[in-house]
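Presented below is the structure to which this report refers.
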Amino acid sequence: MTIRNRLTLRFTGLVSSILLLAFVSIYAFCWYFISSDFYRRLDRKAYTMGDMLIRHRLDTELIHQLGRIRKDQLPSQKIIVFDGRDSVIFITNEDLRLTIPKALLADIRQAKQKDFQQNGYYVSGARFMTASGQFVVIASAVNVYGDEFLRRLLWALAALFCLIAGITAFSGWFFAGDALQPMQQIDRIVSDIFPRNRDERLAIEGDADEISRLSATINRLLDRVAESFRMQRMFVANVSHELKNPLTQISSQLEVSLLNQRTPEAYRQTIQSVLDDVSELATLTKELLKLSQVNQEDAIGLLTDTVRMDEIVWDIRDEVTAVNSRYQVNIELGALPDDPDQLAVQGNKTLLATALKNLTENACKFSDDGQALIHISFDPSKLTISIQNTGHSIPSADLPYIFEPFYRSRQTADVRGYGVGLSLVERIIRLHQGKIQVTSMAGKPTIFSIELPR
């Protein structure tokens, strides 16, 4: 069932329920008022007959004559008077058959007064106490006008209910379609976006309603999807390029070696060159494996260590300086807490060490003097680690892309590497719920700042 039909049914059902409750209440009130009024009129006739016949002992023939000349007779009016032995002592309109069971007479004597319906007649019974015994006066009649009014009222309310329910259903169907029209438009546009035009986006109205917020959310999602496609294409292109060079070199060297008979030394050099190319392929493969293994889904299983960041920084200094004798790493500590354990964060020691080592190596590699400065500052809610160097600044056009896999700017095209390190660092920091930022301007140091929550 479509949302439009479901909303129409729910709206119609709600309005119909309210309307039905109102109409039933109106009919019940009218029925109660008309019945009560008619029973009061029968009660007055029963008590009037009891006063004349039982208490004032008027002649029955006189009472019949009075009944014939009175103009306030009710339709099919009948009055019956019973004595203490349930025998009829007075009756009017004998042509109308109305049987009163003795059990009912006993109920009237016990309750003193009773109103009920029997065979389409409204009946009112009253008890009269005299010295000669208990008498029961029964007054009955047909409520022709009241019953006719209730029948017409019932038909009118039923017809009005059907009419209003139909109008409500049509209105609900119309307004539901009008309200869902933006959703249908969104569906058409999104269906046309992929795969035809990935740059098209949903129009956002000026009103800050739910549709506008949904359109904005979908646009952000489409931006992320488009960015993912772009990064995927760039990733495939860069990987293909990185793999093509060593494979081409290996193939070329082997083909040249097979052209002519060569000396053992020449074959040894060729094999050594091929081994170097294979080593590059193995290194690239390891970097790709590292990049693929650092996922947000693995955070629960990975972040189980309590890591002292100051200790990791000192270890990294030793590791980086051991890689290249030209490299020099300086450590600067800001205002630190009295308790050294407050420099600890929850995470994975190996991954954090890998991230800091990559940043420190890059800082030394691209520095003019091979030096890098690591600065640690403490805050009650976070730890900030900054790695800076005084090399050439990163072009502003490259800053938005330096954390993407295999991205290589023109400035670093001649530097040995694969463009995976910074992407790996960004994933590791994001895995630890941290932030990494870079600032680089001409004439000023390039600074990579890492914020880790405590």
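The values are calculated or read from the model by the stated rules, or taken from the named source; none is laboratory data. Computed from a prediction, not measured in an experiment: that's the story for all the values here. Please note: Cβ atoms are built from the backbone with ideal geometry, for glycine as well, and neighbour counts cover all protein chains shown.
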Residue match in the range 177-194 (condition: part of a loop (DSSP other than H, G, I, E, B), outside the structural domain of residue 217 (by TED's automatic domain parsing), surrounded by 13 or more Cβ atoms within 10 Å (Cβ to Cβ) and modelled with pLDDT under 75): yes
Selected residue (only one of 391, 370 is on the phi > 0 side of the Ramachandran plot and of a type outside the set (Val, Ile, Thr)): 370
Residue ranges of strands (runs of 3 or more DSSP E) in the range 40-140 with at least 2 members within 60 Å of the chain's Cα centre (by Cα), surrounded by fewer than 19 Cβ atoms within 10 Å (Cβ to Cβ) and at pLDDT 80 or above: 113-118
Any hit, the range 419-432, residues being modelled with pLDDT of 75 or more, assigned to a loop (DSSP other than H, G, I, E, B) and either surrounded by 15 or more Cβ atoms within 10 Å (Cβ to Cβ) or assigned by TED's automatic domain parsing to the domain that holds residue 349 (or both): yes
Tally of residues being in contact (Cβ under 8 Å) with a residue 40 or more places away in the chain and more than 22 Å from residue 433 (Cβ to Cβ) across the range 335-350: 2
All positions within the range 306-333 that are of a type outside the set (Asp, Glu), modelled with pLDDT of 80 or more and assigned to a helix (DSSP H, G or I): 309, 312, 313, 314, 316, 317, 320, 321, 322
Flag for residue 402 being of a type outside the set (Gly, Ala, Ser) and at pLDDT below 80: yes
Tally of residues being over 27 Å from residue 427 (Cβ atoms) and either touching an Asp or Glu at 6+ places or on another chain (Cβ under 9 Å) or surrounded by 13 or more Cβ atoms within 10 Å (Cβ to Cβ) (or both) across the range 327-351: 4
Qualifying residue in the range 327-334 (condition: in the same structural domain as residue 427 (by TED's automatic domain parsing), small (Gly, Ala, Ser) and touching a residue at least 40 places away in the same chain (Cβ under 8 Å)): yes
Residue check for residue 354: of a type in the set (S, T, N, Q), over 22 Å from residue 453 (Cβ atoms), surrounded by fewer than 23 Cβ atoms within 10 Å (Cβ to Cβ) and in contact (Cβ under 8 Å) with a residue 40 or more places away in the chain: no
Qualifying residue in the range 285-305 (condition: in contact with a helix residue (DSSP H, G or I) (Cβ under 8 Å, 6 or more places away or on another chain), surrounded by fewer than 15 Cβ atoms within 10 Å (Cβ to Cβ) and either at pLDDT 80 or above or farther than 22 Å from residue 351 by Cβ (or both)): no
Matching option when the condition is over 40 Å from the mean Cα position of the chain (by Cα) and either surrounded by 17 or more Cβ atoms within 10 Å (Cβ to Cβ) or under 11 Å from residue 309 (Cβ atoms) (or both), among 385, 376: 376
